[in-house]
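Shown next, in structure tokens, is the structure this report addresses.
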Amino acid sequence: MKLLIFCPASYGGIADYAHEQANALCDAGVEVTLLCTKKYPIGRGEKYHIVSILREQSHGSSGKSKIVKDFLVVKAVLENYYLLAGFIEKNNFKQVLLGTYAEFMAPFWAWRLRRVAKKGVVFGAIIHDPVRDFVVGPLWWHRWSIAEGYSFIRDAFVHEEIKLDTAWAMPQLRITSIPHGLYPHVLPSSSREEIRREFNLPSSAKVMLSFGHIHPHRKNIDLIIRALVYFPDMYLIIAGEDTSIGQRISASYKDLAVKLGVAQQCRWMIEFIPALEVANLFEVSDVLMLAYRDTFHSASGVLSTAVSYRKPCIASGGPGALETVVKKYGLGIWVEPDSLDSLKAGIKKWQESSIEPQWERYCRENSWKRNAELTLRTMAREKTIS
């Protein structure tokens, strides 16, 4: 099979996922081409062919006004889908996998891909966020956009069995559950003791880690900071970049820590974290904090990293893949989302109980090899959109 993967994300969980999945598909005998931006990281042992023609969709804190940045985002999104359609037709691809499902501005671009699908091209998509509850514009526009985003897709890949809300009936859509593989285990650059000295952490202190994009609409980092008041002997590392929709959110968390008198218990790395620093962060920490809101229904790439480093978690969120794997494999303590009391109880339970995660079973049943096998088997089936 010759497969095209569309990945407009330059970095982060979606880009990392696309890289690992593409390599696993190559190992399965697939000829993979990955369509990406010029900022997509290379030099990670890519077995696939990279074509860097997509436009950058994120403009972060570039100094431009919000109106200008919004215009540039819309322009880049539309251009990227048009580039995708043209690349498919020019290079005669018959199987195309979208690195993530998206509905943003879909009524303006989905028709191009729907036309391509009617010529016999099979589209699949990784549905990283199965519940599309982030509404942009009027509800009727949001629902129409969701339907348009699914209208040309035949194979939807999810990480938990779920009935997708596609807004309208999608008789062509087939849903396949695939595992979320583990990210590579990079060795830390220093010993645990040396890293703790760098962070000015007591050698015997218990350290919590909140890792990944600082997203105010998904994560309850504020609750973790509030919980520190009740655990004066614990420390918290907050590491990751501010999201474009919350450029100052980390500053507000720092202010909260000062207000509550726990600033001395917090360590901050508000930046992009390279692989070696990721290894150091997990090496120096004792438990991963995944305090997602009840609106989070996805799998967690950060959890997969934690498994690689054998770090348990204290996690929350809505019903979905994260809750399933944490409970199924005993990867940590599951608490009710959006509740300070529940989070405090979870931390106390972690302190007082012995957790014995089923690391090996998780690794065996959630491999990239299995992910690729199921994706390949599904995409190879015959039946296109009529």
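The values are calculated or read from the model by the stated rules, or taken from the named source; none is laboratory data. Fair warning: this is a prediction, and the values are worked out from it, not measured in the lab. All Cβ positions, even for glycine, are placed from backbone atoms using ideal geometry, and neighbour counts span all protein chains on display.
Observations on the structure shown:
- Whichever residue in the range 264-299 is free of Cβ contacts under 8 Å to residues at least 40 places away in the same chain and among the polar types (S, T, N, Q) and, among such residues, is nearest to residue 228 (Cα to Cα): 265
- Those strands (runs of 3 or more DSSP E) of the range 88-204 in which at least 1 residues are more than 29 Å from residue 277 (Cα to Cα) and either of a type in the set (Lys, Arg) or not assigned by TED's automatic domain parsing to the domain that holds residue 24 (or both), considering only elements entirely within it, cover 174-177.
- Lone qualifier among 321, 257 - being modelled with pLDDT under 95, under 19 Å from residue 220 (Cβ atoms), surrounded by 15 or more Cβ atoms within 10 Å (Cβ to Cβ) and in the same structural domain as residue 199 (by TED's automatic domain parsing): 321
- Residue match in the range 281-294 (condition: in contact with an Asp or Glu (Cβ under 9 Å, 6 or more places away or on another chain), assigned to a loop (DSSP other than H, G, I, E, B) and within 19 Å of residue 311 (Cα to Cα)): no
- At least 1 residues being in contact with an Asp or Glu (Cβ under 6 Å, 6 or more places away or on another chain) is the threshold, and among the helices (runs of 4 or more DSSP H) wholly inside the range 296-358 those reaching it are 321-328, 340-352.
- Positions within the range 225-278 being aliphatic (A, V, I, L, M), assigned to a loop (DSSP other than H, G, I, E, B) and under 23 Å from the mean Cα position of the chain (by Cα), in sequence order: 270, 273
- Hits in the range 1-33 - residues which are over 18 Å from residue 273 (Cα atoms), within 18 Å of the chain's Cα centre (by Cα) and without any contact (Cβ under 8 Å) to a residue 40 or more places away in the chain: 22
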